[in-house]
Amino acid sequence: MREPDRRFPSRPARRHHPGPRAQHLLAARRSRGEARQGSCVAHRHRLISVRARALSVRRPERPPGPSRRRHDPIARQRRESPDLMPDLKRRQFLASSVASLAGLLVDACSTGSAGVTSTRRSATPTPRDVADNTPLVDLERHYGARLGVFAVDTASGRSVRHRENDSFALCSIFKTYAVAAVLRAHPLRGGDLSRTIHFSAADIVANSPVTSTRVATGTTVAELCDAAITHSDNTAGSQLLKLLGGPAAITQFARSLGDQSTRLDRWEPDLNSATRGDLRDTTTPLAIATGYRALLLGDALPAPERAQLKTWLIANTTGTARLRAGLPSSWTTADKTGAGRFATLNDVAITWPGAGGPLVMAVLSDRPEETATAADSLLAETARAVVSALTG
C-alpha cells in the first residue's frame, strides 16, 4: 500500500521511476559496492587465517605462583576506596612539599651561623676573600711601588687579593717550573739526574755563584737543579732550559699546571728586563700561585719528585730577607725569589704553620723607575699583613 505524501497528507505517495541513464548509474554503483565488499571480506579472511596461525604456536606456560602485577598501594587504594583518593593525593603533595622544604633548610644550615651543625660538608673549603686591602695600599704608597698579591689559606679557603691579575716580570721564579719540568721528564728512579752537563766559560752569565766554579768539571743535572733554586744560579737556569728545549717549554709546562698566564720567551739574563707593558717573560700573582700550589700540594708531580722539589725550595738561601722575614720563624717555608730591573722583587712561597693547612703566597712588585732601588722590607711587611689578614 502506498504511503501518503507527507507534504500533502491528502495525496497518495508518488512512485519514482528512474530513467534509463539513472538506471545505468545505479547498476554501476551497485556493482562497485559489491566488489568493494568482496575485497573487504577477502582481507578479513586473510587476517583470520594469520591470527589462527599465530594462535597455533604454543606459548610457554606461565609458572604457577603469585601474579607478576607490581604492588601499587595507590592503585589498590583507588580500587578499594575511590572516595578517599582526593585526600590521599593531597597528603602526598603535602609530604613532598615538606621534604623539599627540609632539603632547603639543610642547605641553609650547611652555610649557617655558629652553633648549627651541618649534615652536608663541602670537600674543599669555600673561598672567602679578605676585603680590606688597606694595609697593602698603604705599603704601595709608602714604598712608591706597585704590589701584586695573591695568598690563600688552604684550610679555611680565606684569600687575600690585590692586583692578582696584573702582569709582572717573571724573573727567576721561573726556575721552579724549570726544575719541576726536568723532574717530570726525568724521574729520580731513572738515574738521568746523575748525568754530567758540561759548559764553557762563555756560557757563564751574571749571578752564577755555583756554575762559575764548575766550568772545568761540569755539574750533574741534579746539581743544576739545586743551584738554580737554592742560589738562583742564572747559568744553571739556562742549562736547564737547554735540556727542556728552550723557554717555550716553560710556557707549555705552566699550562699543564693550570697556570694560564705565565710565559717565558727569553733566556738569562735578558728575561730580567722587566719593562712595564712588555708581556714577554711575565706572570700574574694568581697564576704563579696556582702553579706552585699544584706542584707542592697537588699531584702535578709524582710523590718522590714532589718531595725532592720541596726539599730544594725549603733549602733556598735567597729569600731570608723577603717573605720569610715576615713569617713566624717556627713555620716551615719553601720559596723561590726573583729580581730584575725597575726594582722588581718577587717571592712565591708555601709555608706550613704549626697548626692548620699550608698557606700559598705570591708577592710580586716593581717601581716605575728603571734604576730604582729595591727594598726587601716591602715583601717582608707584605707577608706580615697577609698572615694577619688570613689568620686574624
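The values are calculated or read from the model by the stated rules, or taken from the named source; none is laboratory data. Predicted model, so just to flag it, every value in this text is computed and none were measured. For neighbour counting, all protein chains shown are included, and Cβ atoms are generated from backbone atoms with ideal geometry for every residue, glycine included.
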Q.
Any residue at all in the range 313-329 that's farther than 20 Å from residue 136 by Cβ, at pLDDT 95 or above and crowded, with 23+ Cβ neighbours inside 10 Å?
A. yes
**Q.** Test for residue 272: is it buried (at least 18 other Cβ atoms within 10 Å of the Cβ), closer than 28 Å to residue 189 by Cβ and not hydrophobic (A, V, I, L, M, F, W, C)
**A.** no
(Q) With under 25 Å from residue 226 (Cβ atoms) and either assigned to a loop (DSSP other than H, G, I, E, B) or of a type in the set (A, V, I, L, M, F, W, C) (or both) as the only criterion, which of 347, 299, 335 stands out? (A) 299
(Q) Only one of 289, 254 is closer than 19 Å to residue 187 by Cα, surrounded by 21 or more Cβ atoms within 10 Å (Cβ to Cβ), among the small types (Gly, Ala, Ser) and touching a Phe, Trp or Tyr at 6+ places or on another chain (Cβ under 8 Å). Can you tell me which? (A) 254
Q: Identify all residues within the range 269-296 that are in a helix (DSSP H, G or I) and over 25 Å from the mean Cα position of the chain (by Cα); write none if there are none.
A: 270, 271, 272
Q) Just to be sure, is residue 237 at pLDDT 95 or above, in contact with an Asp or Glu (Cβ under 6 Å, 6 or more places away or on another chain) and within 21 Å of residue 150 (Cβ to Cβ)? A) no
Q: Of the numbered conditions (1) within 10 Å of residue 236 (Cα to Cα); (2) in contact (Cβ under 8 Å) with a residue 24 or more places away in the chain, residue 223 fails exactly one; give the number of that condition.
A: (2)
